[in-house]
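The values are calculated or read from the model by the stated rules, or taken from the named source; none is laboratory data. Computed from a predicted structure; not experimentally measured. Glycine gets a Cβ as well: all are built from the backbone with ideal geometry, and neighbour counts include every protein chain shown. These accessible areas exclude ligands, DNA and RNA; they are computed on the full protein's heavy atoms, side chains included. Shrake-Rupley method; radii C 1.70, N 1.55, O 1.52, S 1.80 Å.
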Amino acid sequence: MEETISINDIFKTLKKRWKLIMLLTLIAALISGSISYFLLTPVYQSSTQILVNQKQSENQLDSTQIQSNIDMINTYSVIIKSPAILGKVIDELGLDQSVDQLSEKITINSQENSQVFFLTVQDSNPSQVVEIANTVSSTFQKEIKDIMKVDNVSILAKAEIKENPTPVKPNPLLNIAIAVVVGLMAGIGLAFLLEYLDNTIKDEDDIERLLDLPLLGSIQKISQHK
């Protein structure tokens, strides 16, 4: 006989195992909060805004040149992260890291059909992240003239040091919220697993459910008085 689970059975299981569910949820939240606040290193972010626009001798809008500048951003994204640029940045700032390590901290983002792109740097040092972003941008602007034989890069906005910088990651509140959801789901899953594996008889309903036998009667508990 195939056993079906009713809504009442689900609520009964949740009510029966609610302490286990809450315990796992609390443990997950505590672990996530401890890791986020005490173990993970805060990471700060800063960006510069760069325009790719070939300087024209005449004040004319050349659509071909604009498209060429847009297409050039993909090439510039590779050049910015190359040893030709980052090697000079490391030497200028005296950074104790390799070109590959510095490259991993840099991301290039641009909107579609835009001549402007953002150079974003992430680092554990809030003041250093601003210094790196500005130095990479200025070094790229100078070196691209020799590398590509063009003068079409302008820095629209430099990175600035905020008075009270806020790390972009980790996000403790978000991590704890995710941990609560995961812990809650794990607790509910474990509750139903334990209920499925539990074949002991505790009340009248268990007799009918597990043995498929009708209940004819019950004996009340008799208290013993001395």
query = From the list Lys81, Lys88, which residue is in contact with a helix residue (DSSP H, G or I) (Cβ under 7 Å, 6 or more places away or on another chain), farther than 30 Å from Leu40 by Cβ and of a type in the set (D, E, K, R)?
reply = Lys88
ask   = Among (1) aromatic (Phe, Trp, Tyr); (2) assigned to a helix (DSSP H, G or I); (3) open to solvent by 10 Å² or more (accessible area, probe 1.4 Å), which single condition is Phe140 missing?
value = (3)
note = Note on the stretch 92-113: residues among the acidic types (Asp, Glu) and over 20 Å from the mean Cα position of the chain (by Cα) are Glu92, Asp96, Asp100, Glu112
message = Please count how many residues of the stretch 172-200 are out of contact with any helix residue (DSSP H, G or I) (no Cβ under 8 Å at 6 or more places or on another chain) and not in a helix (DSSP H, G or I).
response = 1
remark   = Subset of the stretch 83-98, residues open to solvent by less than 50 Å² (accessible area, probe 1.4 Å), under 16 Å from Gln128 (Cα atoms) and not in a loop (DSSP other than H, G, I, E, B), comes to Leu86, Val89, Ile90, Leu93
key: Among residues of the stretch 13-32, those that are of a type in the set (Lys, Arg) and surrounded by 14 or more Cβ atoms within 10 Å (Cβ to Cβ), counted   = 2
remark   = With the first residue restricted to the stretch 55-82 and required to be under 15 Å from Gln141 (Cβ atoms), and the second required to be in a helix (DSSP H, G or I) and modelled with pLDDT under 70, Cβ contacts under 8 Å at 6 or more apart or on different chains are none
ask   = Picking from Gln54, Gln67, Gln45, which residue would you name as being under 29 Å from the mean Cα position of the chain (by Cα) and either open to solvent by 30 Å² or more (accessible area, probe 1.4 Å) or aromatic (Phe, Trp, Tyr) (or both)?
value = Gln45
query = For the subset of the stretch 145-194 comprising residues that are under 17 Å from Asp123 (Cα atoms) and surrounded by 15 or more Cβ atoms within 10 Å (Cβ to Cβ), which member is farthest from the chain's Cα centre (by Cα)?
reply = Ala159
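So which residues in the stretch 149-179 are closer than 30 Å to Ile70 by Cβ and at pLDDT 90 or above?
Of everything in the stretch 149-179, those that are closer than 30 Å to Ile70 by Cβ and at pLDDT 90 or above turn out to be Val153, Ser154, Ile155, Leu156, Ala157, Lys158, Ala159, Glu160, Val168.
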remark   = The number of residues in the stretch 1-50 that are β-branched (Val, Ile, Thr), part of a helix (DSSP H, G or I) and under 20 Å from Met185 (Cα atoms) is 7
request  = With respect to Ile207, determine if the residue is farther than 30 Å from Ile90 by Cβ, modelled with pLDDT under 90 and surrounded by 15 or more Cβ atoms within 10 Å (Cβ to Cβ).
outcome  = yes
